Amino acid sequence: MEKEKIEKAFFIHNLRNISRKHIAKLEIVCIGSEFCQNIVPEIKQIKMLKDMGAKKISIYTSFFTDYGISKAKKSISKIAEHFHDVEIMINDLGFLKWLNKKYPFLKKGIARPLSIDLIRMSQLNLSSFMKKNRLSSIETDEDNMTLNFNEKRPFKIYFRLGLKFMAVSRFCPYKREIVSKCNMECLGLIENLGIPSSNEKLISFQNGYFIKTSKRGKFVCDRVVKDLI
């Protein structure tokens, strides 16, 4: 049996400067945010990407406040009713429950940071959780954790390459406060922060904190997702 090809996906955090030529070359386009509830794609952005030749689109969503989840439901509803082939990556179980009830046909997966605890389940328990919640994939940037799962697992593993997640805060480093509305000033911005008594650099991006990674370990995954900032 021929081994399945590993998908290549690119997370585009700023759509303002992207070209049609670039989009048409990508196998999978990822947009949205895993960490900020204010960054939720609108249907006009999906239409734009489709018109530019996007083959597959994966939308990343964050954890939500009551205000944030209400806003996200409106945006994702408009998208789901027009584009049945988009994928939604989840970080909020309440949002997942709503999606499964209203749009069970949509392809759904678990993203960071929600995956951190789930990826530590046994393959049997995680498989049961994924099936119960109609989830087809789980994403991680911890290559050592993927070694706990074999190729016969009934779910896909996506591996994040580029920025390894370390921490997240509701505090927006650009607004200097907790905000429920903004003009998304953070899109495409990245800041290097020094770590005391270390040569390592901590990266501030949106309201998350990361370190850089450049290599993927020797393990089996179904998709590699690289950040384009």
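Taking the Cβ of Ser58 as the center, what net charge do the other residues with Cβ under 14 Å away carry, scoring Lys and Arg +1 and Asp and Glu -1?
Around Ser58, the charge tally is +3.
Pulled fully out, how much extra length does the chain show between Lys44 and Lys181, if you take 0.36 nm times their separation in residues and subtract their Cα-Cα distance?
This chain segment gains 47.4 nm when fully extended.
Going by average Cβ neighbours within 10 Å, how do the peptides 122-128, 112-118 rank, with the highest at the top?
112-118, 122-128
If you split all Cα-Cα distances of the chain into 10 Å bins from zero, what percentages do you get per bin, shortest first?
7, 32, 39, 19, 3, 0
Take the Cα atoms of the stretch 1-64, build their convex hull, and give its volume per residue in Å³.
That works out to 107 Å³ per residue.
Share of the chain's accessible area from carbon and sulfur, percent, 1.4 Å?
52
Express the accessible area of the chain per residue in Å², computed with a 1.4 Å probe while the remaining protein chains stay in the model.
54
Taking the DSSP beta bridges in the chain as the whole, what percent of them are antiparallel, to the nearest 5?
30
What FRET efficiency comes out for the pair Val220/Asn14, r = Cβ-Cβ distance, R0 = 41 Å, nearest 0.05?
E between Val220 and Asn14, to the nearest 0.05, is 0.80.
The values are calculated or read from the model by the stated rules, or taken from the named source; none is laboratory data. Bear in mind that the values here come from a model prediction, so they are computed numbers and not experimental data. Quick reminder, even Gly has a Cβ in these numbers, built from the backbone with ideal geometry, and neighbours come from all protein chains shown. Only protein heavy atoms, including side chains, enter the accessible area calculation; ligands, DNA and RNA are left aside. Shrake-Rupley method; radii C 1.70, N 1.55, O 1.52, S 1.80 Å.
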